[in-house]
1. Would you confirm whether or not region 65-72 contains a residue that is of a type outside the set (F, W, Y) and in a helix (DSSP H, G or I)?
2. Suppose we filter R102, R119 for residues that are among the basic types (K, R) and at pLDDT below 75; which single one remains?
3. Within region 70-93, does at least one residue satisfy the condition of being modelled with pLDDT under 75 and open to solvent by 50 Å² or more (accessible area, probe 1.4 Å)?
4. Of the residues R114, R124, only one is of a type in the set (D, E, K, R) and either at pLDDT 75 or above or under 28 Å from R17 (Cα atoms) (or both); which?
5. Assess whether S61 counts as being open to solvent by 50 Å² or more (accessible area, probe 1.4 Å) and touching a residue at least 24 places away in the same chain (Cβ under 8 Å).
6. Here are some conditions: (1) more than 20 Å from G66 (Cβ to Cβ); (2) at pLDDT 85 or above. A21 meets all but one. Which one does it not meet?
7. Would you point out the residue of region 8-39, among those that are more than 23 Å from R102 (Cα to Cα) and open to solvent by less than 30 Å² (accessible area, probe 1.4 Å), that is nearest to the chain's Cα centre (by Cα)?
8. Scan (1) loosely packed, with under 13 Cβ neighbours inside 10 Å; (2) in a helix (DSSP H, G or I); (3) at pLDDT below 75 for the single condition R135 breaks and write down its number.
Amino acid sequence: MTEQHPDGPAGADEKARRTLASKLNLLLDAVAAERGQPLTYREIATALDDRGVSLSRARWSYMLSGTGYLVTDEALLRGLAGYFEVSADYLLGGPDAVEPDRIAAVNELIAAMRAAKVRTFAARTLGEVSPPTLRAITEILNQVIDGPANEKKN
């Protein structure tokens, strides 16, 4: 059994699969946040079918998980981009393609909402902890949660 270098074709293929999966999951999160409920496979498959593009449940599953074969079907990726109302370059362009502003903004909101839930849960759970300890925990949570967002802005 031989191993392939991570930067070789197998490593590049895996990175491309994970990048596509990440982009698709960001799109799904953004749409779910905008409309208040997640999209179903059936909704996506029907919309793509209306565009003359076929998408099997198995293919969709491995596209979202970043496993299986790398999907390079341009018609499918363009169809998905059209459905999600983003530039086709976002899905076709690889890891350096720019995230659409709408998607970035919605996902920043989602992250902030999740952070607020963590803070609220921690405050309820740690109710009997001293105020200085609660403040210290809050500060740590703020640094951890806000750190990636602040790095993007700088």
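1. Within region 65-72, one or more residues are of a type outside the set (F, W, Y) and in a helix (DSSP H, G or I).
2. After applying the criteria, what remains is R119.
3. Among the residues of region 70-93, not one is modelled with pLDDT under 75 and open to solvent by 50 Å² or more (accessible area, probe 1.4 Å), which makes the answer no.
4. R114
5. no
6. Result: A21 fails condition (1) only.
7. G11
8. (3)
The values are calculated or read from the model by the stated rules, or taken from the named source; none is laboratory data. What you see is a predicted model, and the numbers here were worked out from it, not measured in a lab. Because the Cβ atoms are built from the backbone with ideal geometry, glycine has one as well, and the counts that use them run over all protein chains shown. Just so you know, the surface numbers come from the protein's heavy atoms only, side chains and all, with ligands and any DNA or RNA stripped out. Shrake-Rupley method; radii C 1.70, N 1.55, O 1.52, S 1.80 Å.
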